[in-house]
Each structure stands twice: as C-alpha cells, then as structure tokens.
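The structure under discussion appears below in the form of structure tokens.
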Amino acid sequence: MRQEELIGWLRRVEKLALVEVGKDEEEHIIKDMRKIIEFFNTLMEVNVEGVEPLFMTPRKEPLTREDVPVKGMEQSEALLNAKEVINGFVKGPKTI
Amino acid sequence: MDREVLTLSGLRAKLAENPRFLYEYIEFIYDVIDAIEGKVKAFITLRGKDDVLREADRVVDKLIEGRAGRLAGALLAVKDNIVTKGLRTTCASKILSDFIPPYNATVVERILREDAIIIGKTNMDEFAMGSTTENSAFFPTRNPWDLSRVPGGSSGGSAAAVSALEATAALGTDTGGSVRAPAAFTATVGLKPTYGLVSRYGLIAYASSMDQVGPIGRTVTDVSIILDVISGRDVKDATSAHSRGGYCEAAVEPFKVLHPKLRVAVIEELVVEGVEKPVKHSFLRTLRKLESNGIEVVWLSMPISRYSLPAYYIIAMAEASSNLARYDGIRYGFHESVEGRSWYEVYTNVRTRGFGKEVKRRILLGSFVLSAGYYDEYYLRASKVRKIVRDSLLAILREHDAVISPTMPVLPPKLGERIADPLKLYAIDINTVLANLAGVPAISIPSDIVNDLPVAVQLIGNEFDEVSLVALARVVEGIINLAPLVPPLVRRYV
Amino acid sequence: MYSGFKVMIGLEVHAQITSLKTKLFCSCPSNYREKAPNTNVCPVCLGLPGSLPVLNKKAIEEAVKVALALNSTPNKVLIFTRKHYFYPDLPKNYQISQYDGVGSAPLAKGGYIVISPTRGVEKVVRIRRINVEEDPGRIVYPYGSISASPYSLIDYNRSGIALLEIVTEPDLESPREARCFILKLLSILEHLGVTDPKLEGAVRVDANVSVGGGERVEIKNIGSPKDVEKALAYEIARQLSIIRSGGKVIRETRHWDKSKGVTIAGRAKELEEDYRYFPDPDLPAIPIDKSLIDKLLSELPELPDERVNRLIQKYGLTRYVASVIVTSGKDLADFFEEVVRQCGSPQLVSSILVNELLRWVDELNVDLREGIKRLNKDRLCKIISYYNNNLINIKLLKNYIKEVIVNNAEPEALVRQGYVTIRDYRVLEAVIDEVIRENPKAVSDALKNPKVINYLVGQVMLKTKCRADPRITNELIVRRLRSLGNVS
C-alpha cells in the first residue's frame, strides 16, 4: 500500500472508530499499521475455496430466556457512574 | 508458612482440622504483600487487611459449623476485567479508572457463594490487549522470578500474585493465551476452559467469540477445584454450556478417567519455528521424560497452524473494535463536559485521551477489517481460516489424548524488549492462539527452570473434555515433579 | 403520477412487539412508558461493561407469526448482527439487528400486502425484508427542540425494547397509498396480537421517496399514518419544485417537523454510513424449523382480509363498510361483532360505527378505545332498541350517539328527559301553529310549491329539538295547509 493510501484509510477509520491519532504519532502508527497489514495479508496464501466461515464455535443447545419480567437496577445504581445527570436523565452532547 | 498450605487443597485440609488457622494464613499473606508488592506490583486494587479479616469471621464460623463452601479459606485475586460489585474495576485503562460496577460477574457470584474471599483486583494489559502486562495504563507488573522481566500477559497481575504467594489462587481471562502465557512465565498452572464452559457475564469483553475466564493456581488440582466452582451454564450468557463437572476428582484420581495407553501429539510447526533454543531443548527433555513414563509421543504436521496468528489477530481486533465502541464517557468512565459540544467532538476526545496506544491501534485496525470493501478480504477470510484450524485440530484430537507444545516460544523477556514492535509482541502468542480459535480447552503446566527462569508445556484437549485434560495434566505434572514452585523472591517465607 | 412525474415510495415501518412482557435481550419489563427516567434498566440494556444479551424466547414466535401473516419466508435460522454507529441513545454504540449479507440474514424475506387505496382498486405492495432488532433509548431536548438545546437528556427505559422492522419495495406511488399500506399493516399486526398500534411510540415510519427517477430522499421518524401522508405530500411537492426550476434533488436524510408541517435537512453526510456489520458473537443462531412454522401457521388468528370477507358474508355489509370497520382497529371490529351478537341490526350498527362513532372520535380527538368505552355495548343496544321500537327517530338516534360519546350521557336519562319522538297530534299541531304564525312567507310559498313544506318541517324539528316525528309532522302540515288553502 502506498503512503498516501495508508494515510487516507487511517483518516477514514479514525472517523469510523472515533479514535484519533495525533499528528506527532501519525508516522509511527502508519509504519506499524503497514507491517501489521502485511502480516494480515499472509492469509491470502491460504486456499479457502468452499470453506464456510466460523464465527463462533457451535452451540448444541442455544440458550434463550423466558418472557418473565425481573426488576433491574434502581435509578441510583444505573446512574452511579454517570458524571453528569439532570433529574434522572443522563446528560449527553448535542445530537447535531 | 508450611509448604503444605501453599496449595488450596492443602489449605482446605488444614482448615478442616483448625478453622481458626485462617487468621494466621491471612496475616501471612499480608506480610508477604507488605514485603514485596511494592516491587512486583501485581494489584491495581488491594483490599485492606481489616476488611478481609472481618469477612474471614463469617468463613471461620461456617468452617466450625461444617457448612463452609468448597473455596473456604481461599484468598483469590481477580483480574481487573471481571466486574466486582462495589469494588473498582478498571481493565487497567484510564477510560475506566473510576468505574464502580453495580453488579457482580457470574464467576464472582459463584466463588463468593463457595466462601472464597477476594483479596484484590489484579493488573493486566489494558482491556486484555497484550502478552506482557506492559500495556497497563497504570504500571507494569514484574515477574517474581526476575523483577527485570515481564510476568507475561494479559493476566500478568493474577499470575504474579499467585506465584509470589500474595494470593492462594486467581482468576484470569484468556482470549489468545492470556491465562497460559503468564502462568508459563511465572511457573504457575493456568487453564483456559472450552469456549462457553465458564460464563462470560461480567467479563468485560475483548473478543467475544474467544474470551474465557480461567483459573491460575500453583497446582493442577488447585486449578481444577476452582474450575468445578466457576463452570456451568448461566442463564445470563447465551453462549454458555453445561459442565460435566468432576474436574477436581479427575485431578485427584486421574487414572479413573484415563485409559492406560496415553498418546500425545506434537505439532512440529509449534516447535520448529520461532522457538528459542533453551525452550526447545527443555521441551524435548520433557518429552523424553513422558516417553520413559509410558506416554507415546507422536510428531505430526498441521500446516494451517502457521496462519493461526494473523487469523486470530484479525478476528480479535475486529471484535474488540466493536466491544470497545461503548466507551464514550456518557454513562460511565472517563468523562468530558458535554455542554455546547457535538457528540462527535466529545466522543472522539474521550476515546482518544482515554484509551492507550495499543488499544487504539487495535480499535483502528479492527474497524478497518470490518469496513466496507475490506470485510471479505480480512474478517471473512480469517473466519474461514479459523474453520480450517478448528477442523484440523479436532481431527488430531480424535486420534490423540492431547496436543503438547511449549506454552511460550521464549523465556520471559525483559521489560521493554518486545513492546516497541507490535509484531514482535504478537509473535509470542503463536502457540496459544490455536486453542482460542478452535474453542478447545488448554492448560499450561510448569515443566522446567532454565537459566533460573520458568519454562512450561501446554496441553490442548478436546472440547468439553476438561475431565480428561485435567487428569492428563495431573499425570504430566506428576512426572515432571516440580510443583509447587516458589520463586527465590519469596522462598524465605516458606 | 404527479404532473407526469413518476413517484416511487418505499417505507420502513418500525413496530414494537408490544405483546412481550420483557425487552428483547434482557428481563426488564416492557412497559417503560410513564416511568421515571432510567428506572427501567439493567446492566444489559444500559450497555454496562461485561453485560451480555440473551434472546427472549417468545420474541421468536411473535416475529415468525408476523412473517407468516405477511406471506414472507422465514429464514432457516435466526441470526443477529451488530450494526455499528455512534449516537447518545445507543448504549453500546452498536445496535443488535439483522442484515442481509454473508453470515447474517433477516428474519424473513419477501412477502406482500394487498391494499385498496380507492374503492374497487386493489394493489399488491411487496415486502423486501423483515428484521428483529432492539430499540434505542429516548433523547429529550431540554429546551424543546434539537437546535435550541446545548445538550441532550437521555432516558434508557426504552433501550432494548423489541422492534420489528418491515421494509417494502418502492412499490407505493402516492402519499395516499403509503397511508393505506401502513393502516393495513398495523391492522394485521393488531389482529395478530403482536403490536398495539395505539401505544405511544409503538410505531415509527421512515419513508424513502424519489420523483421522476431522481435521487431518493429519506424522511426519518414519522409518528403516525396521517403524518406519513402529510410528510410525503410535502416532500413530493418540494422535490417537484426543485425539478421544475431546473435543479437536481440531492440524496439526503431529512426530518419531519410536525409542528411546522415541513421536512428539514438533517446532518450532511460527509461519509457514507459504514455500519461494519458482522454476526453478533454473543448470540448463537437459533433454528427456525418446520415444526415451529407449522405450529404457528395453525395458530394464526383471523387476519384483516379474512375478517372483512367474513363480515361481508355473515352480515351483508358492503366491502367498503367492512374494510373501514376492520382497518380502523381490531377493537372496533370486535365491538361491532359483540354488539350485533347481542342486539342484531348489523346494517344499522355498522352505519352508526362508521358514520357516527368514527366521526365524533375524530372531532373530539379522543382515542377510539375511549369512544367505544363510552358508547358501550349496553348503551348502544338500548339506543338501537329505542329506534327499532320507534321511540326515537333516525335524527334523534344520531343525537343520542353524539350525547353518549361527547357527554357520556346515559340513554335512559335522555328518555326520561323527554328526548323521544313526539307523535302526539295535539302537541305537534300546537307547534305547527306556532311555526305557521311565525313564517307567513314560507306558508304562502308552500301553498304554491310543495317542496317548501320541508322547510316548515325543519322549523318544527328545530322547535322540538328534532323530536317531532318527521312523517307525522309532514302529514299534519299538509293537512293544515290544505285547510288554509281552502279558507283563502
């Protein structure tokens, strides 16, 4: 991958993940990313034709829940770790 | 401190005769902690001795009345990515540095129900991402066998605490080797159960399709006692499964469950490539000991194992990027004032400042392998390789009692040695990720001391057959005949 | 067609599975409305670290029932997918949903609903897919609107409630058709017992519309079928005016501002949304096997189309009247049948419900259920018996209905107040005399033109508050006029 391509996708992925790499770290991160992506690319050597993907080892009896209500947390427990609360609502940022 | 109470099984026996011995035991543990914790730094949160002594009153009463649980007397260290109600749980991350969970993980409920006392929360690689515990946002933990070296990771704090006699045993978590690696580097026993055997409810997720809670102890028997308590179906975890139970019995009387003609397989790719000479030679010596004790050793090749490491990292990073999306500081954690600011700005600031470097790297790469246009090439492909790995490993396990390998390809590295280059760090997981990808159980048992440093072997067993795995591990442990091992740092306390 | 331009509308209807007692992935109660904020939550629906989702078993049945009722084909397994995006009302910053792609699948694909947008016309609207997913929390703006508030307030009580997402092909061609479709869909869901559409917030609609083959615009989060029709009408007009002035419609997401009656542009999308779908590793796939499908098929209750046909056959109603009764709500159709079972007169009852009850409920802006409660079976049957026994006439009957619904009056009380048909000739003649005295011009007109007699009858009605028997009144007036005519 060319340098510009890598920087391009880094910017895109930063927006997808809402995690930013500082300008001072950028060069270092790109170098590491390049190596790691090359490492990932070794999988291209494997012949996966006709192989079904395995996302989770199979469960013999999938577990589901009965439709019976159970009291959850008290408001104080639910909001215990929220730093900004107004009248029981969690204060959040603007949505536009 | 008597050698006999170094193990949980020994402690239980002693307490059965003399319940009040528990107070002496607690004093002893805290004496050791006072002496060496400043150097080892295994704990992020350590409970005060007075709190623990108060809790011990209840346990002593139950012991006297003869109605104590199976873990009565045990002081357990719990890795700080397992939620404990009312007790700070941080995942060794700035983004959760003040998080107080309002609920207990199921494994915590189960150990408390059996009268264990939780002594503290242990240090780890941030969000379990790492193999040396150097990625903790707070401080690194040091290997009690050599304080200039790492204890392994990501459950480094748990393994160090057990190794340095700061706890009876511990709970760690294993996604790519994070229980077995630190167990190997600290001469303790660490078990990763079959995926689903132990509930993940309350385990702060890293890679959901591979995470498992695993016990770390000084002997195979100790580890099996804890496994009996924590394993089994949980209605709060849809991926959890029934447990056969009987693991402790299997460890105590292994030949009741094993047939006499034992046969283990060595996958040559896990020994021949990238394994340091001293480790390889030690491993070969161990194999000879097994053979001279009647265990057949078969060498075979599993070519796909070469690709297990990239497949593991693609899947783990993808799932991690998803599991860590929730950390935005709004409901819990590292917070920034929201007034007048857009959510985009607030979330980005919180996540950029709250997560450490390795975590951010994995989130970015994980998002990349799931993104449109790359999903097929990376995540989907890795999942197909995973299928091949699992099928190949299960095929081998159908013909052999276990796969045996060195747990780690290197001796415990010095601090700073592996951390600068990510690929160098990832490379030491080469032998452990196989079991996580395939969902099968694996255990690390100390096998040797080389240059005064611990070396271990790993046994990989068939899924949901921990009974056989634990029995075989006990047999191997018996043949090796070193356990329980005590590092020089704390030898004078025994 | 709109002035020669082809309109294409596709709908995404989000309907809560209100028949469940708990949320989709946790055991929190599903009746979250009216509770203080953040008092109906648990670690799972709050997205606390370490929490895990576990599927509500009953949700599987309810969802498959809906698929079968919409002629849609359920997938062999129920798989869940994570859909990633950041938003304050989404606790995990991903939604557990479904996706049509490798390793995932929607609950069901295909299907259709037949609607009748105008009398006598039938149209098939195809369904693309049906998903099961979780509802996010609710955002409240402290200063009323999204733009005026420097921050948002979030309540997670609703987070995790089970939602069905029903997506159509862009087969709809007008706002009216869209409204018809939604009403029909809601009627089906209601008859299945899966969704109660009258619950606040239980149904939300996103609409996609393009005009003349141009870009499609998405309008998000519209609350009612009526609003959908209005929003689409506005948006089509907006797009038409752009096209007519030579411009191009841009592809975007807009919001419906109910108070102003307009759609407004949302956040400009710099980045095409990349949801990074992948199968949720916390939820194993659940098989949907033939035995379950067969069982549910055999247990399916009577659906709206079947019910309409049955009402036509059994009670001789017209298709139009039967459709209105069934589509207005299951409660209304149930009420109709209960009343007719008790006191017969299906034609009369249906006419009362369609022409009177619905009208007053609409004018008063009350819930249909409240209207049915007031005009309950006993009261309605009494009124009908008064009518059938000639105690009251048709005009009085209509007023009785009005009084019962608007003022919660008891029919017996109205009778006691004397609000019955007056047949007494002497009483009527006295009123007629008054009317004749007060309306000399009309009287002389009436002598020449018999049609004017209706005016005089009307005046008698006015004076007697509609109680005068119209036929007798008419006869008496004719007689009076004749005698007057004979005199002059």
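Key figures
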item	result
Some residue of segment B:299-307 being basic (Lys, Arg), at the interface with chain A (Cβ under 8 Å from one of its Cβ atoms) and either in contact with an Asp or Glu (Cβ under 8 Å, 6 or more places away or on another chain) or farther than 24 Å from B:MET124 by Cα (or both)	no
Tabulated pairs, segment C:403-415, first within 9 Å of C:ARG379 (Cβ to Cβ), second surrounded by fewer than 17 Cβ atoms within 10 Å (Cβ to Cβ) and aliphatic (A, V, I, L, M), C-beta under 9 angstrom, 6+ apart or interchain	none
Enumeration of residues in segment B:328-362 that are in contact (Cβ under 8 Å) with a residue 60 or more places away in the chain, among the aliphatic types (A, V, I, L, M) and within 14 Å of C:PRO88 (Cβ to Cβ)	B:VAL350
Total residues in segment C:120-129, condition touching a residue at least 12 places away in the same chain (Cβ under 8 Å) and either outside any strand (DSSP E or B) or buried (at least 18 other Cβ atoms within 10 Å of the Cβ) (or both)	4
Filter result for C:SER72 (more than 14 Å from chain A (Cβ to nearest Cβ), surrounded by fewer than 20 Cβ atoms within 10 Å (Cβ to Cβ) and hydroxyl-bearing (Ser, Thr, Tyr))	no
Residues that are part of a helix (DSSP H, G or I), crowded, with 20+ Cβ neighbours inside 10 Å and out of contact with any Lys or Arg (no Cβ under 9 Å at 6 or more places or on another chain), drawn from segment C:160-180	C:ALA178
Some residue of segment C:34-54 being touching an Asp or Glu at 6+ places or on another chain (Cβ under 6 Å) and modelled with pLDDT under 95	no
Top-ranked residue of segment A:58-79 - restricted to ones that are among the hydrophobic types (A, V, I, L, M, F, W, C) and surrounded by fewer than 17 Cβ atoms within 10 Å (Cβ to Cβ), ranked as nearest to the other protein chains (Cβ to nearest Cβ)	A:VAL70
Filter result for B:ASP31 (closer than 30 Å to B:ALA92 by Cα and either small (Gly, Ala, Ser) or assigned to a helix (DSSP H, G or I) (or both))	yes
Residues that are part of a strand (DSSP E or B) and not charged (D, E, K, R), drawn from segment C:107-119	C:ALA108, C:TYR112, C:ILE113, C:VAL114, C:ILE115
Sole exception among (1) away from chain B (no Cβ under 14 Å); (2) surrounded by fewer than 16 Cβ atoms within 10 Å (Cβ to Cβ); (3) not in a helix (DSSP H, G or I) for C:GLU273, by number	(1)
Matching residues, segment B:207-253, being more than 14 Å from chain C (Cβ to nearest Cβ), touching a Ser or Thr at 6+ places or on another chain (Cβ under 6 Å) and either hydroxyl-bearing (Ser, Thr, Tyr) or surrounded by fewer than 23 Cβ atoms within 10 Å (Cβ to Cβ) (or both)	B:THR219, B:THR221, B:SER231, B:GLY232, B:SER243, B:TYR247, B:CYS248
Only one of B:SER9, B:SER97, B:SER93 that is polar (S, T, N, Q), buried (at least 17 other Cβ atoms within 10 Å of the Cβ) and within 14 Å of another protein chain (Cβ to nearest Cβ)	B:SER93
Any hit, segment A:44-57, residues being buried (at least 20 other Cβ atoms within 10 Å of the Cβ), without any contact (Cβ under 8 Å) to a residue 60 or more places away in the chain, within 23 Å of the chain's Cα centre (by Cα) and at the interface with chain C (Cβ under 9 Å from one of its Cβ atoms)	yes
Unmet criterion (only one of (1) closer than 30 Å to B:PRO102 by Cβ; (2) within 13 Å of another protein chain (Cβ to nearest Cβ)) for C:ASP135	(2)
Odd one out for C:GLY418 among (1) more than 29 Å from the chain's Cα centre (by Cα); (2) at negative phi	(2)
Odd one out for C:GLU134 among (1) under 29 Å from the mean Cα position of the chain (by Cα); (2) surrounded by fewer than 23 Cβ atoms within 10 Å (Cβ to Cβ)	(2)
Selection within segment C:200-228 - buried (at least 20 other Cβ atoms within 10 Å of the Cβ) and either in a helix (DSSP H, G or I) or hydroxyl-bearing (Ser, Thr, Tyr) (or both)	C:SER210, C:PRO225, C:VAL228
Segment A:22-43: number of residues that are more than 8 Å from chain B (Cβ to nearest Cβ), under 13 Å from B:PRO422 (Cβ atoms) and of a type in the set (Lys, Arg)	2
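Quick grid of which residues meet (1) more than 10 Å from chain A (Cβ to nearest Cβ); (2) in contact with a Lys or Arg (Cβ under 6 Å, 6 or more places away or on another chain); (3) outside any loop (DSSP other than H, G, I, E, B):
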position: C:SER19; (1), (2), (3): no, no, no
position: C:ALA36; (1), (2), (3): no, no, no
position: C:VAL54; (1), (2), (3): no, yes, no
position: C:ALA63; (1), (2), (3): yes, no, yes
position: C:PRO88; (1), (2), (3): no, no, no
position: C:LYS92; (1), (2), (3): yes, yes, no
position: C:GLN95; (1), (2), (3): yes, yes, yes
position: C:ALA105; (1), (2), (3): yes, no, no
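Residues checked against (1) farther than 26 Å from B:VAL346 by Cα; (2) at pLDDT below 95; (3) surrounded by fewer than 18 Cβ atoms within 10 Å (Cβ to Cβ):
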| residue | (1), (2), (3) |
| --- | --- |
| C:PHE80 | yes, no, no |
| C:PRO91 | no, no, no |
| C:ILE96 | no, no, no |
| C:TYR99 | yes, yes, no |
| C:ALA105 | yes, yes, no |
| C:LYS109 | yes, no, yes |
| C:THR118 | yes, yes, yes |
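The values are calculated or read from the model by the stated rules, or taken from the named source; none is laboratory data. Only a predicted model underlies this, so the values are computations on that prediction, with no experimental measurement involved. Note that we place each Cβ from the backbone using ideal geometry, even for glycine, and neighbour counts take in every protein chain shown.
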